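Here the structure comes first, spelled out in structure tokens, and everything after it is commentary.
The values are calculated or read from the model by the stated rules, or taken from the named source; none is laboratory data. If you're wondering where the values come from, they're calculated on a predicted model, not measured in any experiment. Here Cβ is always computed from backbone atoms with ideal geometry, including for glycine, and neighbour counts include all displayed protein chains.
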């Protein structure tokens, strides 16, 4: 996509976000999903993108089924961001798919995709750096920073994030304890009523 077209679409998306997305009622997940889809996001069923979530470029967002992105979360998706089935991005978490080259005198933009695996959970105020893959079922704890790939079914915390312990799981790959946000994804009606 050309930079002029991208700037135009980001400007248009900003107006739509401020006027139609952000002020929408909390349970209006289907409404917000529809707005994101209008701008090219690929969303599976039962996705809960909350009104206070900031998506930089909807056309670079792919969410499988039952994904949750909480209020205050920022998805800075200059490159593609993929959230697999039942992934959770908690309040004020930051998925950052781009940075700048500090050795380039023009500080050239470096964009690399981010992948968040099935049943993975990005904790509140945690940050995922460009090019990182968070494995299925992995947890990135409160205020942690993932600068390298996170192994599946492992709990991480710290700056930079380091493995603390394995995460329990049950037969079908789901965690032994289903997070509350995922439980709500199945208890709230799809149309937001």
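Residue check: residue 59 meets all listed conditions (1) touching a helix residue (DSSP H, G or I) at 6+ places or on another chain (Cβ under 9 Å); (2) closer than 25 Å to residue 30 by Cβ; (3) part of a loop (DSSP other than H, G, I, E, B) but one, namely (3).
Being over 30 Å from residue 8 (Cα atoms), under 11 Å from the mean Cα position of the chain (by Cα) and either surrounded by fewer than 24 Cβ atoms within 10 Å (Cβ to Cβ) or modelled with pLDDT of 95 or more (or both) is the requirement here; does residue 122 meet it? I'd like the intermediate steps shown before the answer.
Numbers: over 30 Å from residue 8 (Cα atoms): yes; under 11 Å from the mean Cα position of the chain (by Cα): yes; either surrounded by fewer than 24 Cβ atoms within 10 Å (Cβ to Cβ) or modelled with pLDDT of 95 or more (or both): yes.
For residue 122, the condition - over 30 Å from residue 8 (Cα atoms), under 11 Å from the mean Cα position of the chain (by Cα) and either surrounded by fewer than 24 Cβ atoms within 10 Å (Cβ to Cβ) or modelled with pLDDT of 95 or more (or both) - is met.
Residues that are free of Cβ contacts under 8 Å to residues at least 40 places away in the same chain and touching a helix residue (DSSP H, G or I) at 6+ places or on another chain (Cβ under 6 Å) within the range 21-46 comprise 21, 24, 32, 35, 36, 39, 40, 41, 43, listed in sequence order.
Regarding the range 161-180, can at least one residue be identified that is under 14 Å from the mean Cα position of the chain (by Cα), at pLDDT 95 or above and either surrounded by 20 or more Cβ atoms within 10 Å (Cβ to Cβ) or under 25 Å from residue 56 (Cβ atoms) (or both)? The answer is no; no qualifying residue exists.
Checking the conditions here, which among 98, 87, 108 is out of contact with any helix residue (DSSP H, G or I) (no Cβ under 7 Å at 6 or more places or on another chain), over 16 Å from residue 142 (Cβ atoms), surrounded by fewer than 24 Cβ atoms within 10 Å (Cβ to Cβ) and in contact (Cβ under 8 Å) with a residue 12 or more places away in the chain? Can you show your working first?
On the way: 87 fails: surrounded by fewer than 24 Cβ atoms within 10 Å (Cβ to Cβ); 108 fails: in contact (Cβ under 8 Å) with a residue 12 or more places away in the chain.
Testing whether each residue is out of contact with any helix residue (DSSP H, G or I) (no Cβ under 7 Å at 6 or more places or on another chain), over 16 Å from residue 142 (Cβ atoms), surrounded by fewer than 24 Cβ atoms within 10 Å (Cβ to Cβ) and in contact (Cβ under 8 Å) with a residue 12 or more places away in the chain leaves just 98.
Checking 7, 32, 37 one by one, the residue that is outside any loop (DSSP other than H, G, I, E, B) and at pLDDT below 95 is 7 and no other.
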